[in-house]
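> Here you go, one structure.
The values are calculated or read from the model by the stated rules, or taken from the named source; none is laboratory data. Remember, predicted model here, so these are calculated numbers, not experimental data. Ideal geometry is used to build each Cβ from the backbone, glycine not excepted, and the neighbour counts take in all protein chains shown. Surface accessibility is based on the protein's heavy atoms, side chains included, excluding ligands, DNA and RNA. Shrake-Rupley method; radii C 1.70, N 1.55, O 1.52, S 1.80 Å.
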Amino acid sequence: RALLWEAGGGGRAAGGDIRLGSAPRLALEPLGGKREALEALGGKREALEALGGKREALEALGGKREALEALGGKREARACARLRAAVRVPTVSREGPGAADEVALLRFGRLLREEFPAVFESELVTHDLVANFSHLLTVRGADGGRTPYMLTAHLDVVPAPDYGWDVPPFSGEIHQGYIYGRGTIDDKHSLMAILEALELLLQRGFVPQRTFYIGIGHDEEIGGDKGARNIAKVLESRGVKLDFLLDEGMVILDGVVPGLQIPVAVVGVSEKGSLMLRLRVRTETGHSSMPAKESCIGILSAAITRLESNPLPQQFGSGPERALFEYLSPQFNFPMRVVTSNLWLFGPIFSWVLGQKPTTNALIRTTTAVTEFHAGVKPNVVAPLAEATVNYRIHPAQSVSEVLRLTEEIIADDRVELEVLSSMEPLPISPFDESATGYWTISKSITDTFPDIVSAPGLCIANTDTRHYQKLTSALYRFTPVWNKLEDIPRYHGVNERISLQNYKQTIHFYFNLMQNADQEEPLIKHFHTEDL
Ligand SMILES: CCCCCCCC/C=C\CCCCCCCC(=O)N[C@@H](Cc1ccccc1)C(=O)O
Ligand SMILES: [Zn+2]
Ligand SMILES: [Zn+2]
């Protein structure tokens, strides 16, 4: 069983295509009969629970060997079934008032309570419902003298139109060893894996030494102002201080960092800031047969062209991206090893190389993304108004005001009005030196789960709920152990979001390891091992 789950890298599929979709009789034949099929899966109830129903069970099982390979065992089968059930609840966050699907959010809360009875019924665990749909779990530790820590995740997802998906985005279908669906890597995988790990540990009688919190926000995808912000307020009102907090953010990168031959787990120790800017040009409207020399559309387009052709200056070396390459230096191939060991000399050329690809460019500068453009009312009317939105993600070495000043300089046209829709300064760099217990607990848990990869501190290029928790701790980390190859990066907020069955199991292992490592004073020793899972 272990061999089957461990075959291949984290991002590779375990098992073959287990979608059959053919008649029940055809599905039963390779299994040798209904009774054998059910026996193989540990019983009718488990099989049905794992696969979500009789018809689905039969459709999904391409054969006895494939079924066992894909499911790895009863416990894994149930965990996968629970993640699939979570994906099927469309907890979509949309921009604008009244945009939350309250029915789905409530349904999701019920699903958590039903699927994790040991967690929700444990005497060690207190559950607070926050802002109606978010959840705060307090897991009481035996040693009240130790500073607690916190794990966070979010239950909402971005919208997913059916178009472009190989399987429906809210089906949770298994296809070629992957669970597909919105939320499988952002961020239901981590939420469900945290609860799986806790459920298992509690079932085994685990009593944590130190208290820890699990915060589950319901509106991260639209800023977290109701969920995470209020969870943080509840904790602040209780006088809680945290040793560290771990949220989503960075991931395992396999073949993404140029010149690095082994996969790296990047733990986000800082997070870029953000500025949403509305650009607006107003001009006289009128009959399109007598247009003025310049239209608001032309003026705004020219301004946008100037912004896109003048990227903000690179900042390589002044943020946590430098630490990433210094940490990884011994792992690079020649000549990259020489380059990254001598950044004092090769910094400028290396920065130019990083600037050539969107993923690595995001590390070294404030990025400029023109995300919206609206103008015009009718084909034969001179447009009175043109508007565009620009989203900057601000490098830690810059500030909101500096980005605004540079924008005005680049546009250099008073007819273009600027309105700040929202802004956020980059987050401070969390400690990752030898005394940073949170960083090393995460790092050790990565190594325990993935012995063959390295971990390193880095910059999180997107925003997370962590900013809401800044009053509770200055040790904010952003990482979930999703295994990404370069071609997987567009799956975030894109189409065909998926996680391999093997990678989901590893995600559970990671939190299982972390919950034990977090209790340990040096040296870190675990009582339960993932081999027992
Ligand atoms: C050499 C290293 C290369 C680095 C490559 C980086 C590859 C990154 C891979 C995966 C990124 C995963 C990001 C997962 C977290 C996404 C969180 C998110 O989407 N947040 C939203 C939050 C938000 C903020 C403001 C308003 C609404 C929502 C976001 O940032 O837009
Ligand atoms: Zn997310
Ligand atoms: Zn997201």
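> Can you go through Gly298, Gly259, Gly286 and tell me which one is on the phi > 0 side of the Ramachandran plot, at pLDDT 95 or above and away from ligand 3 (no atom under 16 Å from the Cβ)?
Answer to the selection: Gly286.
Residues are listed down the side, and each one gets a yes or a no for (1) under 19 Å from the mean Cα position of the chain (by Cα); (2) outside any loop (DSSP other than H, G, I, E, B):
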| residue | (1), (2) |
| --- | --- |
| Leu421 | no, yes |
| Thr441 | no, yes |
| Ala456 | yes, yes |
| Leu459 | yes, yes |
| Leu472 | no, no |
| Pro490 | yes, yes |
| Phe512 | yes, yes |
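> Among the candidates Val266, Val257, which residue alone is of a type in the set (Val, Ile, Thr) and within 16 Å of ligand 2 (Cβ to nearest atom)?
Val266
> With respect to the numbered conditions (1) within 15 Å of ligand 1 (Cβ to nearest atom); (2) assigned to a loop (DSSP other than H, G, I, E, B), which one is the sole condition not fulfilled by Ile252?
(2)
> Still on this structure, please answer the following. Of the conditions (1) over 26 Å from Met192 (Cβ atoms); (2) assigned to a strand (DSSP E or B); (3) β-branched (Val, Ile, Thr), Val267 clears all except one; give me its number.
(1)
> State whether one or more residues within the stretch 429-446 are more than 16 Å from ligand 1 (Cβ to nearest atom), open to solvent by 30 Å² or more (accessible area, probe 1.4 Å) and aliphatic (A, V, I, L, M).
yes
> OK, next. When the stretch 280-292 is examined, which residues are found to be among the aliphatic types (A, V, I, L, M) and surrounded by fewer than 23 Cβ atoms within 10 Å (Cβ to Cβ)?
Scanning the stretch 280-292 gives Met290, Ala292.
> Would you pick out the residues in the stretch 331-340 that are at pLDDT below 90 and open to solvent by 50 Å² or more (accessible area, probe 1.4 Å)?
Residues satisfying the conditions are Phe334, Pro335.
> From the list Ile349, Ile364, Ile304, pick out the single residue that is within 30 Å of Glu419 (Cβ to Cβ), of a type in the set (A, V, I, L, M), away from ligand 3 (no atom under 16 Å from the Cβ) and without any contact (Cβ under 8 Å) to a residue 60 or more places away in the chain.
From the options Ile349, Ile364, Ile304, the qualifying one is Ile364.
> Find the residue count for the stretch 175-205, including only residues that are assigned to a loop (DSSP other than H, G, I, E, B), among the hydroxyl-bearing types (Ser, Thr, Tyr) and either surrounded by fewer than 22 Cβ atoms within 10 Å (Cβ to Cβ) or away from ligand 2 (no atom under 14 Å from the Cβ) (or both).
Adding up the residues that qualify gives 0.
> Which members of the stretch 113-130 meet the condition of being of a type outside the set (Ser, Thr, Tyr) and in contact with a strand residue (DSSP E or B) (Cβ under 7 Å, 6 or more places away or on another chain)?
Val119, Phe120, Leu124, Val125, His127, Asp128, Leu129, Val130
> Output yes when any residue across the stretch 87-96 is modelled with pLDDT of 95 or more, open to solvent by 30 Å² or more (accessible area, probe 1.4 Å) and closer than 26 Å to Gly227 by Cβ, and no when none is.
Yes, there is a match, as at least one residue in the stretch 87-96 is modelled with pLDDT of 95 or more, open to solvent by 30 Å² or more (accessible area, probe 1.4 Å) and closer than 26 Å to Gly227 by Cβ.
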